[in-house]
Amino acid sequence: MSKRSLLAIGLLVLLAGAGVSYAIWGSLRPAPGYRYAGVERGTITSTVSATGTLTPVVSVQVGSQISGQIKELYADYNSPVKKGQLIAQIDPDSVALRVNQAMADLEAARATVLTQRANVVALQAEVSRAKVTLAEARRDFERNRSLAEKNFISTAVLEKSQAAFDAGQEQVKIAQAHLAVAEAQVHNVQALVKQREAQLAQARVDLSRTSIRAPVDGIVVKKSVEPGQTVAASLQAPELFIIAQDLRQMRVETSIDEAEVGRIQLEQRATFTVDSFPGRTFSGTVTQVRKAAQVVQNVVTYIAVITASNPDLALFPGMTANVRIVVDTRDNVLKVPNAALRFRPPGAFEAREPVRAVAVDEEKGGGRKPVAQAARERLTKELDLNSEQQAKVAAILNETRDRIRTLPTEDQNARRKHIERLRAESRTRIAEILSPEQRSRYEAMTAARAGRGSSSGRVWVVDDSGQLKPIDVRLGLSDGSYTELRAGDLKDGTQVIIGMAGADKKAAQTGGPRFGL
């Protein structure tokens, strides 16, 4: 046998030995280990988390209604003040000059009134004199007329006395007209006096406004001016101070996502923390949910106002609060760790027959069937769908299921929002193919189902033979760490898998709970 043949045989022997060794080593390699957690009974509290800013319940902005230079400040940051207390002084010199000018104008107007009244008295005398002259002319005319009738005097004398009588009448009218003008001038200067009085009152009000006083009892939380600074009140009152009326009562204005705002109700209990006191929790109550939407970069939020007590004045305005609003609580329920709902064993999705989402049929003792099939059967039964409607509903449910499976699992909050949007879109499409009566029943069904807040999920356990076994469950309320078990083959103390142990931990696949349609 040649050397080449011997060499080839030797290589074959070595390769065969290596293969046998690898097979033996692989068979002896220990099976992957798992980390477990137990199903337990307890309380589930669902909360909505958000951030907000602390503000006083009542804060008053103190401004100036006149322009001028700040002469003195009598309050600073954190100064307690009482209502009516002097807290700043604007230079009053220019306003005081306006007061003096207004006083002088008023005195001049009053003097003019006296002059006009004296003129009225003089004109009244003129009217009286004209009336006396007219009376004398009347008597002379009547006497001459009587004499002329007896031919004792000539016609010329009679005409002259008549002309004197007519002139006396006109003189009375002229005197009365002059008197009326004088009286009108009196009314005019009297109105001028009132105008001057109003100007004086306005000047005095402006003078009083140079003294800035606290409008309420409280604490100065902001000061915007310094002595010597000029303030201009041409268009709007400039801000000088902000006074918090009572810092023992604070409120948090927090932004709630549009997907969560429907769960927020008045009088719900809330807790929050601030960075200044990391180990301390403050309590409050939801007192307002504002309906005005806040849209920032296509993200819609709503403002919820939480009122909290601050008896020791530990909370300052402007602090950032990390808020948790309690929206629901369930006592003495079975709960499973959320990590168990996210766990997927290696290769679970790469199997020849993929694991299908299933639903727990509570009415039939916990039997399992695919979620899409269960939803389709429920809709067919309760809405009495015809064959064409059944086919369209099946297509919609299957499409939605496939889109949910392709969602990323890294950010569970984002995944949950995407799932809710897909489900809402699915409900809208289903409603479009229903008759008005069916649509009414369908809306009632979806409203009732939303009220229960249930969804489907899957956990994994190790059975008596040491094999992995999936268990499908119906889920309820979640607090972020645990989720309520509404139905499923799990009992208090059952050990469920929450992850891989050792080096194989990275091989585990995770995903959130699958929400039924």
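Given R0 = 25 Å, the distance between the Cβ atoms of Arg290 and Glu382 translates into a calculated FRET efficiency of 0.10. Applying 0.36 nm per residue to the separation of Ser128 and Lys417 and subtracting their alpha-carbon distance, the gain on full extension is 94.1 nm. Multiplying each eigenvalue of the alpha-carbon gyration tensor of region 28-100 by 5 and taking the square root yields semi-axes of 69, 16, 11 Å, largest first, rounded to whole angstroms. With the convex hull drawn around the C-alpha atoms of region 53-150, the volume per residue stands at 229 Å³. Rounded to whole numbers, the Karplus 3J(HN,Hα) couplings from phi for region 436-442 are x, 5, 5, 5, 4, 5, 5 Hz, using 6.51 cos²θ - 1.76 cosθ + 1.60 with θ = phi - 60°, and x at Gly and Pro. One quarter of the surface of the convex hull around the alpha-carbon atoms of region 236-357 equals 14.2 nm², the direction-averaged projected area. Over region 104-197, the ratio between the Cα radius of gyration and 2.2 N^0.38 Å evaluates to 1.68. Dipole magnitude for region 91-177: about 540 debye, using +1 per Lys or Arg Cβ and -1 per Asp or Glu Cβ, origin at the Cα centre.
Karplus-derived 3J(HN,Hα) values for region 269-285, using 6.51 cos²θ - 1.76 cosθ + 1.60 with θ = phi - 60°, are 7, 9, 10, 8, 10, 10, 5, 5, 10, x, x, 10, 10, 9, 10, x, 9 Hz; glycine and proline are entered as x. In this rough spin-label picture, where each label sits 7 Å from Cα along the Cβ direction, the Ser481-Ser440 distance is 4.8 nm. The fraction of accessible area contributed by carbon and sulfur in region 230-340 is 48 percent, rounded to a whole number (1.4 Å probe; ligands and nucleic acids excluded). On the principal axes of its alpha carbon atoms, region 41-82 extends 70, 20, 15 Å, with the longest extent given first. With protein chains left intact and a 1.4 Å probe, residues in region 87-209 average 63 Å² of accessible area per residue. The modelled label-to-label distance between Ala118 and Gln195, using points 7 Å beyond Cα along the C-beta direction, is 2.3 nm. Charge dipole (Cα centre; +1 on Lys/Arg Cβ, -1 on Asp/Glu Cβ; no other charges) of region 202-348 amounts to roughly 240 debye. Shown in residue order for region 315-322 are the 3J(HN,Hα) couplings computed by the Karplus curve 6.51 cos²θ - 1.76 cosθ + 1.60 at θ = phi - 60°: 8, 10, x, x, 5, 8, 10, 9 Hz (x for Gly and Pro).
At the listed q of 0.23, 0.25, 0.26 Å⁻¹, the Debye profile of region 269-322, built from one uniform point per Cα, gives log10 I(q)/I(0) equal to -0.96, -1.04, -1.07.
Of the peptides 83-95, 286-298, the ranking by mean beta-carbon count within 10 Å, highest at the top, reads 83-95, 286-298. Highest average first, the peptides 265-274, 477-486 ordered by how many other beta carbon atoms sit within 10 Å of their residues are 477-486, 265-274.
Within region 184-219, list the residues whose amide N lies under 18 Å from a label point set 7 Å along Cα→Cβ of Ala237. Flagged as within label range: 202-219. Equivalent ellipsoid of region 235-306: semi-axes from √(5λ) of the C-alpha gyration tensor, largest first, are 24, 21, 13 Å. Across every pair of non-identical alpha carbons in region 182-295, the mean reciprocal distance, once inverted, gives a Kirkwood radius of 20.5 Å.
The values are calculated or read from the model by the stated rules, or taken from the named source; none is laboratory data. All figures in this text were calculated on a predicted structure; none of them were measured in a lab. Don't worry about glycine lacking a Cβ; one is built from the backbone with ideal geometry, like all the others, and counts go over all protein chains shown. The protein model used for the area step is the full one, side chains on, heavy atoms only, and it has no ligands, DNA or RNA in it. Shrake-Rupley method; radii C 1.70, N 1.55, O 1.52, S 1.80 Å.
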